[in-house]
1. Given a Förster distance of 30 angstrom, what is the FRET efficiency for R59 paired with S2, based on the Cβ-Cβ distance and rounded to 0.05?
2. By the scheme Lys and Arg +1, Asp and Glu -1, what is the net charge of all other residues having a beta-carbon under 14 Å from that of D46?
3. Can you give me the accessible area per residue for the chain, using a 1.4 Å probe, in Å²?
4. Round to a whole number: what % of the accessible area of the chain belongs to carbon and sulfur, probe 1.4 Å?
5. Say R0 is 25 Å: what FRET efficiency, to the nearest 0.05, do R85 and E38 get from their beta-carbon distance?
6. Once both labels are modelled 7 Å past Cα along the beta-carbon direction, what's the L29-T15 spacing in nm?
7. Please compute the net charge surrounding V1, taking Lys and Arg as +1 and Asp and Glu as -1 over other residues with Cβ under 9 Å from its Cβ.
8. Can you bin the chain into rounded, prolate or oblate? Criterion: square roots of the alpha carbon gyration tensor eigenvalues sorted a ≥ b ≥ c, rounded for a/c under 1.5, prolate for a/b above b/c, oblate for the rest.
Amino acid sequence: VSPNPFNPRTRLGFTLPASGRADLAVYDLAGRLVRRLESGELPAGDHVRVWSGDDDAGRSLPSGTYVARLATAAGVETRTLVLVR
């Protein structure tokens, strides 16, 4: 995750050792889904998704702490993101 804290956007990079399904989403600290960045089949290799601090409807979210969750066949990883407006 770079940069973190961020404003106006951050890059979330991940590597898949083999092709397969990847689900990358951002949640608020109450566990509510705020933005789905990826959900589908991807080839093996490096991938980057950009999050601009908005929800799935395109509305800007307030400053705060959010959690990015990546789920793949290899497991689940989470990272804390800090949005500063």
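1. Efficiency computed from Cβ-Cβ geometry: 0.80.
2. Details: positive: R11, R49; negative: E38.
Around D46, the charge tally is +1.
3. Numbers: 4890 Å² over 85 residues.
Using a 1.4 Å probe on heavy atoms only, each residue of the chain averages 58 Å².
4. Values: 2380 of 4890 Å².
Here carbon and sulfur together make up 49 percent of the probe-accessible area.
5. Values: r = 24 Å, r/R0 = 0.97.
The computed FRET efficiency comes out at 0.55.
6. That separation, rounded to one decimal, is 3.3 nm.
7. Details: positive: R11, R79; negative: none.
The answer is +2.
8. Values: a/c = 2.02, a/b = 1.78, b/c = 1.14.
Taking the square roots of the gyration eigenvalues as a ≥ b ≥ c, the chain is prolate.
The values are calculated or read from the model by the stated rules, or taken from the named source; none is laboratory data. None of these values were measured; they are calculated from a predicted model. Reconstructed Cβ throughout: ideal geometry from the backbone, glycine too, with neighbour counts over all protein chains shown. Side chains included, ligands, DNA and RNA excluded: accessible areas come from the protein's heavy atoms. Shrake-Rupley method; radii C 1.70, N 1.55, O 1.52, S 1.80 Å.
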